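Here's the structure, in structure tokens; my notes come after.
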Amino acid sequence: MVLAEFFIPHGHCYLWKPGLVGLHLVSDALIALAYYSIPITLTYFITKRRDVPFNWIFLLFSAFIVFCGTTHILEIWTLWHPNYWLSGLVKALTAIISFYTATALIFLLPQALAIPSTAQLEKEIKERLRVEAALLKQKTHLAQAQKVAHVGSWEFDLATKEITWSDETFCIYGLNPEQPTPTITEHRQQIYPDDRPIWDATVTQLALGTSCELEFRIVRPDGSIRHILGQGKPLFNLDGQVYKLFGTVLDISDRILAQQRERLIGEIVLSIHHSLELQEILNTTVGQVRQFLETDRVLIYRFNPDWSGKIVVESVGTGFSAVLNTTINDPCFGSNYTQLYQQGRVRAIANIYTAGLQPCHVELLAPLQVTANLIVPILVSENLWGLLIVHHCREERQWQFNEIELLQKLATQLAIAIQQSELYSRVQSELIERQRIEQELRVSEQLYRSVVTAMSEGIVLQQADGKITACNASAERILGLSVEQMLRLTSNDFCWQTIYEDGSPFPGELHPAIVTLQTGEPQSNVIMGIQKPDESLTWIAINSQPLFHPAETKPHAVVTSFSDITDRKMAEEALRSITHQERQKAQQLERALQELQRTQAQLVQNEKMVSLGQLVAGVAHEINNPTSFIYGNIYPANEYAQDLLHIINLYTKHYREPVAEIAEQLKQLDIDFIVEDFPKLLGSIKEGAQRITEIVQSLRNFSRLDEVECKPVDIHQGIDSTLLILKHRLTQQPDRCEIQLIKEYAELPLVQCYPGQLNQVFMNIISNAIDAIANVDDAVKEENAPLLTCYCHETLADSPPSCNLPTCQPTNLQLKIPCIRIHTEVVEPNWVVIRITDNGPGIKADVQPRIFDPFFTTKPIGQGTGLGLSISYQIIVEKHGGKLSCYSAPGFGTEFAIKLPITQPSPLFRHDPIYGSRSITATRDEI
């Protein structure tokens, strides 16, 4: 511009012709306007379409065009102003920008040519849509599998903070899958407050790139608390940075509940094992059951013999009335209900007002504020002892199977505790079955491995031919085989060594996967034992689920899931062992009680015999004095009477005519009769005194209070003393004839024994024989047998061929009269035998093994204590080292054989290994 005076304006070249100047002016102005509008349009385009590739080239074009437009503006300017240097400078800049833009286009051209065409883009879009559809299908399959397996999944994008939940995750958290996914803050609000710190720490650890597993609790919108097992895994980008978190959630509330239930049963079993305090055990049980079931009242109702009852234990919540020690007589409870509960009936009522109960039953429960109740019988030795009852008062309640099963197990344990407590003073859960049905998952490799690897259960995928095509790490761990070893195997290959719970072989064709493939039906909770390659035995619970193609009825594959239940099996075995030990302990206590009863019975009987002996001795002493007085005065009285009679005869002889008064008196007295009868009267008095003396001596011989030591004794004297005491029972009675007594005494040496105790044995056995004969008519009527015949004497007729009594000998005469035979003999150098036989109805075969048991009797109530034969057995076997045997056949009488040593060994008090056992038989080969 400085040198512009040296040039002339460009208009001079056009000779300032208006038309020509105007043409150039208008043309250059329009060109400049067009050039300036193009950059504006390009700049607007790239601001709106930032996704257009190589958008920087548009800026170069804009600069180039702007400079071109400027050159045209300068063309107009130089028409009047000769600033050609400025115009040339602008053209130079335009040339530089144009050259740079052309060069950039040359290098950009290959990249531009690589941009797909419209057809290619359409093809790529279609392929992308197809891939998206396949991905959607995979996601659908994944969602279905998660729904079947009750496993939810989640993703968290660290960059966008976006969270993605599967539908099953929404269900686990108690939310509607249609609602928006909760934010990380909203999610944290659902975590149980006590578990939030560890949850935060686990999320932080995940974000740092470490896989984690966590058990935590959540609070659902309805207020319920659920236990969750969460597993998470970080995903890394190409730079090795964590860009996304992925994981699964599994609702393990049922498993936790089962563990708590088994723990509760274990604690109660342990308390039963360590304690004999029944009240403490019952109180602990009802308290823990009420807390575990979260109910309002738990009580134990015990029956009385008339089926009324009393509430003996109770645990009640706040706000509800206590009914402890209340006696209840339910008019609705009759023999029908008793029989049902005796058979193990369980009554679960969700609402007493809608369950159709009898009005009297509702009226009984209403004052107790009961709305729902659960009743389980407590059976002790198959007898109905009482009821374990749960009352839910706040609202109606649907009782679950696991709750009923828990109470049944507790009722069984309580029955053991009750039986154990009764014997002492006188004297298990099934885990929740889980069903898992797996469908074939056609998902991407990364998602499939993430979901399946995160699961603790083993999962195996088998095709229609039964061959295994996929498995997870848990399956490798549980089965002890690598994935390479399992692939292409089938469930019935010979390499699998499987058994049932009872130890029998488990056929491969019955494997749940094979059954599902053949029937199309899912199988659940099949228990199987499998032997690993290391020879260890693992127990697994198997579920199988068929997979179907659309519109097909035959499965094309099967998904099998299984869990390791070895620990559970071991726990069940331990529980059975504890129960067996408790039963053994109860049996020991029962035996101790029986021994205590037997000893107590002996002590009572001994005390009775001592008292009886003292009474007999006192009575004998008191009777002896007046008897001695009478007996001692008979002889003088007889002499005085003879003297008086002699004087009367002399008076009669010398004074034949007495005075009138004497004659009248003699006439009234009948003196001749007195003279004849008075000596007979004195003889009767003498005979009566002698009889009293004999009875007293028999009583003394029977009691033997003065002979408490072991000494040689005449056995026959003891038997005769006993028979003398029982003589009144042998005589004829109104309902029977006289019992014939047959004595067959051999010549016996003196036997060393305790005479008083041995007389007690004779008394018990002979008394039982008299009772048996006295009741023979009733026995004949009951058995429809013929009248019994006495086969007791050696001169009697032949014994019936069916009689196997040892004393039934061939005889020549039959006596249809009651009889008792007493036979003594020496059988060995140092042994004697006393046989006491009756021809009563005999003893039934099923009764014979128990006749020596304490308190066992076949007599009506009030007529026998059941102690006589038991004490007799102890006296003979344990006290004297002998043997007491019974031989009996129904319809042919009974024989008791007493075998005693003539001299007692030293020491006397022992249990002889040869003769210390009881013998109940129908032969006499041993004697």
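The values are calculated or read from the model by the stated rules, or taken from the named source; none is laboratory data. Computed from a predicted model, the values in this text were never measured in an experiment. Heads up, the Cβs are rebuilt from the backbone with ideal geometry, glycines too, and the neighbour counts pull from every protein chain shown. Each accessible area value is taken on the protein alone, full model and side chains, heavy atoms only, with ligands, DNA and RNA left out. Shrake-Rupley method; radii C 1.70, N 1.55, O 1.52, S 1.80 Å.
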Could you grab the pairs with beta carbons closer than 7 Å, sequence gap of 6+ or different chains, first residue in segment 734-757 and of a type outside the set (S, T, N, Q), second one loosely packed, with under 14 Cβ neighbours inside 10 Å and in a strand (DSSP E or B)? Leu750/Pro712; Val751/Pro712
Exactly one of (1) β-branched (Val, Ile, Thr); (2) out of contact with any Lys or Arg (no Cβ under 8 Å at 6 or more places or on another chain); (3) at pLDDT 50 or above is unmet by Thr921. Its number? (3)
Does at least one position in segment 517-527 carry a residue that is in the same structural domain as Lys467 (by the TED database), aliphatic (A, V, I, L, M) and closer than 30 Å to Leu414 by Cβ? yes
Given the conditions (1) outside any helix (DSSP H, G or I); (2) at pLDDT 80 or above; (3) open to solvent by 40 Å² or more (accessible area, probe 1.4 Å), which single one is not true for Asp51? (2)
Looking only at segment 320-338, how many residues end up being modelled with pLDDT of 75 or more and open to solvent by 70 Å² or more (accessible area, probe 1.4 Å)? 4
Name the single residue that is most open to solvent (accessible area, probe 1.4 Å) among those in segment 741-764 being farther than 15 Å from Asp720 by Cα and assigned to a strand (DSSP E or B). Gln752
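Every residue, every condition in (1) under 28 Å from the mean Cα position of the chain (by Cα); (2) surrounded by 13 or more Cβ atoms within 10 Å (Cβ to Cβ), yes or no:
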| position | (1), (2) |
| --- | --- |
| Ala207 | no, yes |
| Ile225 | yes, no |
| Gln231 | no, yes |
| Val242 | no, yes |
| Arg263 | yes, yes |
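Is it fair to say Leu59 is assigned to a helix (DSSP H, G or I), open to solvent by 60 Å² or more (accessible area, probe 1.4 Å) and either assigned by the TED database to the domain that holds Leu23 or touching a strand residue (DSSP E or B) at 6+ places or on another chain (Cβ under 9 Å) (or both)?
For Leu59, the condition - assigned to a helix (DSSP H, G or I), open to solvent by 60 Å² or more (accessible area, probe 1.4 Å) and either assigned by the TED database to the domain that holds Leu23 or touching a strand residue (DSSP E or B) at 6+ places or on another chain (Cβ under 9 Å) (or both) - is met.
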Can you tell me which residues in segment 509-553 are of a type in the set (Phe, Trp, Tyr) and not in a loop (DSSP other than H, G, I, E, B)? Trp539
Answer with yes or no whether Ser253 is among the polar types (S, T, N, Q) and within 20 Å of Ser166 (Cα to Cα). yes
From the list Thr284, Thr354, which one is touching a Ser or Thr at 6+ places or on another chain (Cβ under 9 Å), open to solvent by 50 Å² or more (accessible area, probe 1.4 Å), at pLDDT 80 or above and not assigned by the TED database to the domain that holds Gly230? Thr284
In segment 445-475, how many are part of a helix (DSSP H, G or I) and either at pLDDT 80 or above or closer than 18 Å to Gly232 by Cβ (or both)? 12
